[in-house]
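Trainee: Dumping the structure here so I can ask a few things about it.
The values are calculated or read from the model by the stated rules, or taken from the named source; none is laboratory data. Keep in mind the model is a prediction, meaning the values are calculated, not measured. Note that we place each Cβ from the backbone using ideal geometry, even for glycine, and neighbour counts take in every protein chain shown.
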Amino acid sequence: MVLENVNAYTITGSAFQVRLPIRSTNWDKQASNNTVPFAEWDPTCYEFYKATTALTDDITTRLVGCRSKPGTDGNTDLKVYLAILREDLNVEEKLQCVRDAYREAFVGWKTAVSRHFQIEPERVQFSQEFEGVRLEVQHISGTATEHDVVLSGLKESWSEERKLGVKTFLVHWMRSISDRFPLILIRTEWKDNLHLTSTMDMCFDVTGLTKGLRINLFTDHLVQTAQTYQENLKLMDFSEKYTKYVDSSRPLFKQCVDDSEQAEIDVETITGSAFEVELEIEEGDWAKEAETDLNPYSGWSPICDQFSKITYGMDEVIAGNLIGCRSVGVGKKTQLAVYLALSLTDLTDERTTACRTKLFTKWKDAVRKHFKLRSEDVLFHSTYRPVKLQVMKILGDVKRKGSGVLSAETWNDQVGLELKIFLVSWMKSLDENYQLTYFTASWTDFDTLSLEMTLLFDVTGKDEINMVEQRNHLMDTAKEYQGSTKLTHCKLDFPQLPETSEESFTSCDDDNVDETENLKSQMDLDDQQTLGQQRD
């Protein structure tokens, strides 16, 4: 009975041909003195690997094997293996970004190979035809012995002589199996643990085999080889372990993938106006109250959060058009940039001055009362500027240490406060480069508990924000975050503009002037009472 090898890592990839105008024996002498088994096993492929080592493109990171053979007319033919699906190498069907990235990568390869082998680039031939292959990676470790005595890692070390001796043993074994199992790469590490050990990642071309390699096939064969091997240095006590290797299904050229994803999501913007508000309070005065508030917006800007709560209780034309707020502390004052989904005309039309003054006076009075300030400590500037805000929507599952992704049943206020800490840290890192003006979140509970976030950014006079980059930034922040609760599986969704009011400043009554004067008189009276309380 042939068992399928559960210890092997399978790669579905591709292979193509490279022809070099050199003889395959050119590097044999150097290889014999090299402690790397692959250098002696296949000197030309080893040199090919060395030629591409300094390259950092996505293609190079998927190089997983190579086999060489003598070609015609003194050439050497290489079969180069990539952990890339064959369909992904059909470049002409890809986006222009991907096509350019492929061409640039292969041009870089050809340049590096020609320089390393000291031959003209035009004489290095890269085939444009790719074949699908199936590869298996085995991870095997063995203990070093000398004269059949196990070498202690506490007393001995890996000298060059010992590495060369074990390499000779491994190459001897590799040649004994090469006819049945084409070995295309071996990577070796020398370790000083309790014993001197060698670990090997070996990649085999198993294309066409109906089943995987049998469990312990190579360890059994290594044991047999060691028993009959006559040299003093060799390996014994072999074991196989499962190893993760390159994932061929992972997308190449992340920037191109991001650009493609970005292109699929429409950019939504909203225009409006902004003006400044000055408050005679320090920015951190309301931070204590924000500590128990589950809304992340309160942690990002406590003053803006309080200001927004006040505004939502005002007349519909104001409450329904508030689309953002930013705060900055200046000495003992806090300056707010307040964003409204109203045009400059809406805010400066002389025909609605009386109504607008009435509503803004009420608004200022509500702010004054909430923050317990005098009227002169609250300043609403009447200079307005046009603004453009961009909307972004992100979904993410809630994950907690020790619990995995949460559901509605496992949610509570403590988890909410923990998640708020993560979100506030992310929002503040965003704000270092982009002007965040608005944040809101809602919960969805299907199979998992997910957070649906809508953010607005001030992009007035700037390029539009790459939303994919911001989603990736959120994922990177989550990856590095050491707190107990965060988001995972984050993805972009089609942004929706915030709902705004259709009300205007024409809805006031004709007696608005008198009412405004009465309100101002009441504010003066309140100021006198506030001043009296302060004296007491």
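Trainee: Considering region 368-424 alone, what residues qualify as being free of Cβ contacts under 8 Å to residues at least 12 places away in the same chain and part of a strand (DSSP E or B)?
Mentor: The one that is free of Cβ contacts under 8 Å to residues at least 12 places away in the same chain and part of a strand (DSSP E or B): GLY404.
Trainee: Any residue at all in region 61-78 that is closer than 16 Å to ARG187 by Cα, under 25 Å from the mean Cα position of the chain (by Cα) and in a helix (DSSP H, G or I)?
Mentor: Yes, region 61-78 contains at least one residue that is closer than 16 Å to ARG187 by Cα, under 25 Å from the mean Cα position of the chain (by Cα) and in a helix (DSSP H, G or I).
Trainee: Let me ask something additional. For region 425-439, give me each residue that is at pLDDT 90 or above and in a helix (DSSP H, G or I).
Mentor: SER425, TRP426, MET427, LYS428, SER429
Trainee: Of the residues that sit in region 102-161 and are out of contact with any strand residue (DSSP E or B) (no Cβ under 7 Å at 6 or more places or on another chain), polar (S, T, N, Q) and in a loop (DSSP other than H, G, I, E, B), which one is farthest from PHE218 (Cα to Cα)?
Mentor: Once the filter is applied, the top-ranked residue is GLN118.
Trainee: Can you pull out every residue in region 13-33 that is closer than 26 Å to THR243 by Cβ and either touching a Lys or Arg at 6+ places or on another chain (Cβ under 6 Å) or part of a loop (DSSP other than H, G, I, E, B) (or both)?
Mentor: SER14, ALA15, listed by residue number.
Trainee: Report the residue count in region 1-36 for those that are surrounded by 15 or more Cβ atoms within 10 Å (Cβ to Cβ), over 29 Å from PRO70 (Cα atoms) and modelled with pLDDT under 80.
Mentor: Adding up the residues that qualify gives 3.
Trainee: Pick from PHE106, PHE130, PHE126: which is crowded, with 19+ Cβ neighbours inside 10 Å, touching a Phe, Trp or Tyr at 6+ places or on another chain (Cβ under 8 Å) and farther than 25 Å from ARG175 by Cβ?
Mentor: Result: PHE130 is the single residue among PHE106, PHE130, PHE126 that is crowded, with 19+ Cβ neighbours inside 10 Å, touching a Phe, Trp or Tyr at 6+ places or on another chain (Cβ under 8 Å) and farther than 25 Å from ARG175 by Cβ.
Trainee: Also: Could you tell me how many of the residues in region 162-184 are part of a helix (DSSP H, G or I) and either among the charged types (D, E, K, R) or in contact with a Cys (Cβ under 8 Å, 6 or more places away or on another chain) (or both)?
Mentor: Matching residues across region 162-184 total 4.
Trainee: Okay, next question. Does at least one position in region 122-143 carry a residue that is free of Cβ contacts under 8 Å to residues at least 12 places away in the same chain, under 30 Å from THR35 (Cα atoms) and out of contact with any Cys (no Cβ under 8 Å at 6 or more places or on another chain)?
Mentor: No, region 122-143 contains no residue that is free of Cβ contacts under 8 Å to residues at least 12 places away in the same chain, under 30 Å from THR35 (Cα atoms) and out of contact with any Cys (no Cβ under 8 Å at 6 or more places or on another chain).
Trainee: Would you check which residues across region 38-58 are assigned to a helix (DSSP H, G or I) and β-branched (Val, Ile, Thr) and list them?
Mentor: THR44, THR52
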